[in-house]
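Below: the structure, in structure tokens.
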Amino acid sequence: MSTRAYTVGSVLFILSPGNREVLPVRVVEEVYRKNLSGQSTSYIVQTTEGTSHSLEDLEGTIFSSTEEVRATMYDLLRRKVDEVVDVTHQLAKDTFMNSDNDVYEDQHVPVVPTIEEGQEIVGQRDNLVVEEVKGLSETVSHVTLPDGSVAKVSVNLPEGFEY
């Protein structure tokens, strides 16, 4: 039984339990039940593949807009990154600060980017190197993280923003 009310025809977004994918569904039916136990409302949704499911049978967190999904995923990602960095920082302190004479400093080490053909460095800020790949139907940026891993992102920056 759903605690929220949805409109038939509206599109919902379900964030999977592992927070790794988002399933768009459309509400195609609202079902009211009244019996000796009380009243309930349930919803039938249709996936992009055309299959129908009871909304309550789908696992995950339900959102009514992509903005809500995006904000939640960014928050989850930020928390995970903070957790990884905090654990790593503590491990470095515990490992490299063995005696009273040792000094541990959290040092900023610049990342040296590797530029491949068709790429151009468009900015660097806070140890993140942003590269723009040209010649695609849309602009895709690659962000080199401090650990050397590379992430693909598509970003629309506000006017006046500079790296």
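About its Cα centre, how strong a charge dipole does region 1-53 have in debye, to the nearest 20, once Lys and Arg get +1 and Asp and Glu get -1 at the Cβ?
On the way: 5 positive and 4 negative charges, 39 e Å.
Rounded to the nearest 20 debye, it is 180 debye.
Taking 25 Å as R0, compute the FRET efficiency from the Cβ-Cβ separation of Ser10 and Glu83 and round it to 0.05. Don't skip to the answer; put the middle values down first.
Details: r = 35 Å, r/R0 = 1.39.
Rounded to the nearest 0.05, the efficiency is 0.10.
Please list the radius of gyration and Dmax for region 1-97, considering alpha-carbon atoms only, with Å as the unit.
Rg then Dmax for region 1-97, in Å: 19.4, 68.
If we count every other residue with Cβ under 11 angstrom of Tyr6's Cβ, Lys/Arg +1 and Asp/Glu -1, where does the sum land? Spell out each step's value before the answer.
On the way: positive: Arg4, Arg26; negative: Glu29, Glu30.
Residues close to Tyr6 contribute a combined charge of 0.
Take each of the peptides 57-63, 41-47, average the number of other beta-carbon atoms within 10 Å over its residues, and list them starting from the highest. Mind dumping the intermediate values first?
Working: 57-63: 14.6, 41-47: 17.6.
Per-residue Cβ counts within 10 Å, averaged per peptide and sorted highest first, yield 41-47, 57-63.
Within 11 Å, Cβ to Cβ, of Ser52, how many net charges do the neighbouring residues add up to if Lys/Arg are +1 and Asp/Glu are -1? Please report the intermediate quantities before stating the final value.
Working: positive: Arg26; negative: Glu29, Glu49, Asp57.
Residues near Ser52 contribute -2 overall.
Quick note: the coordinates plus some simple rules give every number you see, no bench work behind them. Everything numeric here is computed off the predicted structure, so don't read it as measured data. Cβ atoms come from the backbone with ideal geometry, glycine included; neighbour counts cover every protein chain shown.
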